[in-house]
Amino acid sequence: MNLKRIIPPQSEPVSVEEVQEYLRTDESETVLQAFILAAREHAENFTRRVFVTQTWDLMLDRFPGGSDPITVPLPPLQSVERITYRNEAGEELEMDPTTYIVFSQMEPGRILPVDVWPAGKHVTIRFVAGYGEPADVPQAIKQAIMLLVGHFHEVRADRLSTDSIVGVGSLQWGGQSVAEMLLWPYRDVRMPP
């Protein structure tokens, strides 16, 4: 299974203005955007899901046998745009959407054939995932991103001392990262890392 992002999110779950207010800083927009991007990517990797709408390709060597489901990673699944594959003659074909059922309400989402999967290889499933717009992202995820951005802002490489190289400093509570505590309920533990 390989994944490739086709269309990245068009916005971040939190804005530069929200971060400036949260941190009470007038830090440059460029620096804060970089911190937000890094924090969001860390949070998405940790939870194994995506937050703001994105389009991805899931590439499989072949269809599963018979009518076994295909599990779509990176919940929440919004839709499947298309499924393409190569037949035994090497021709690229697109499946008719009426020949499969998408279960987007499940986490992770699943796709089942109406009958059985075709004999094919080099399968590509183009899908759209994420909660939607930034306003749709759960507040706990946004708060975790803000905590991470605050940490990046506070502990910079040029200001590191031996005292600040102990994990994530003020983001620890009982030996666990507060940001990760906020993200744990959203972690997709069913999908392999």
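The values are calculated or read from the model by the stated rules, or taken from the named source; none is laboratory data. Please read all numbers here as calculations on a predicted model, not as lab measurements. Reconstructed Cβ throughout: ideal geometry from the backbone, glycine too, with neighbour counts over all protein chains shown.
Only one of the listed residues (Pro185, Pro113) is modelled with pLDDT of 95 or more and closer than 20 Å to Pro73 by Cβ. That residue is Pro113. For Thr47, state whether it is in the same structural domain as His151 (by TED's automatic domain parsing), closer than 17 Å to Gly109 by Cβ and within 22 Å of the chain's Cα centre (by Cα). For Thr47, the condition - in the same structural domain as His151 (by TED's automatic domain parsing), closer than 17 Å to Gly109 by Cβ and within 22 Å of the chain's Cα centre (by Cα) - is met. Residues in segment 68-82 that are part of a strand (DSSP E or B) and buried (at least 20 other Cβ atoms within 10 Å of the Cβ): Ile70, Val72, Leu77, Val80. Of the residues in segment 35-53, not one is closer than 18 Å to Gln10 by Cβ, touching a strand residue (DSSP E or B) at 6+ places or on another chain (Cβ under 7 Å), in a strand (DSSP E or B) and polar (S, T, N, Q).
Here Asp61 fulfils each of the conditions (1) assigned to a loop (DSSP other than H, G, I, E, B); (2) over 18 Å from the mean Cα position of the chain (by Cα) apart from (1). Within segment 83-107, if we keep just the residues that are in a strand (DSSP E or B) and among the aliphatic types (A, V, I, L, M), the residue that is surrounded by the most Cβ atoms within 10 Å (Cβ to Cβ) turns out to be Ile83. Of Glu180, Glu154, which residue is modelled with pLDDT of 55 or more and in contact with a helix residue (DSSP H, G or I) (Cβ under 7 Å, 6 or more places away or on another chain)? Of Glu180, Glu154, the one residue that is modelled with pLDDT of 55 or more and in contact with a helix residue (DSSP H, G or I) (Cβ under 7 Å, 6 or more places away or on another chain) is Glu180. Going through (1) in contact (Cβ under 8 Å) with a residue 60 or more places away in the chain; (2) farther than 19 Å from Met1 by Cβ one by one, Val50 falls short only on (2). For the criterion of being modelled with pLDDT of 95 or more, surrounded by 14 or more Cβ atoms within 10 Å (Cβ to Cβ), on the phi < 0 side of the Ramachandran plot and touching a strand residue (DSSP E or B) at 6+ places or on another chain (Cβ under 8 Å), Val137 passes.
Looking only at segment 5-52, residues that are touching a Phe, Trp or Tyr at 6+ places or on another chain (Cβ under 7 Å) and surrounded by fewer than 19 Cβ atoms within 10 Å (Cβ to Cβ) come to 3 in all. Has segment 45-61 got at least one residue that is more than 30 Å from Ile145 (Cα to Cα) and out of contact with any His (no Cβ under 7 Å at 6 or more places or on another chain)? Scanning segment 45-61, I find at least one residue that is more than 30 Å from Ile145 (Cα to Cα) and out of contact with any His (no Cβ under 7 Å at 6 or more places or on another chain), so the answer is yes. Give segment 99-158 a look and list any residue that's over 13 Å from Arg49 (Cβ atoms), among the hydroxyl-bearing types (Ser, Thr, Tyr) and touching a residue at least 60 places away in the same chain (Cβ under 8 Å), or say none. Hit for segment 99-158 is Thr124, nothing else.
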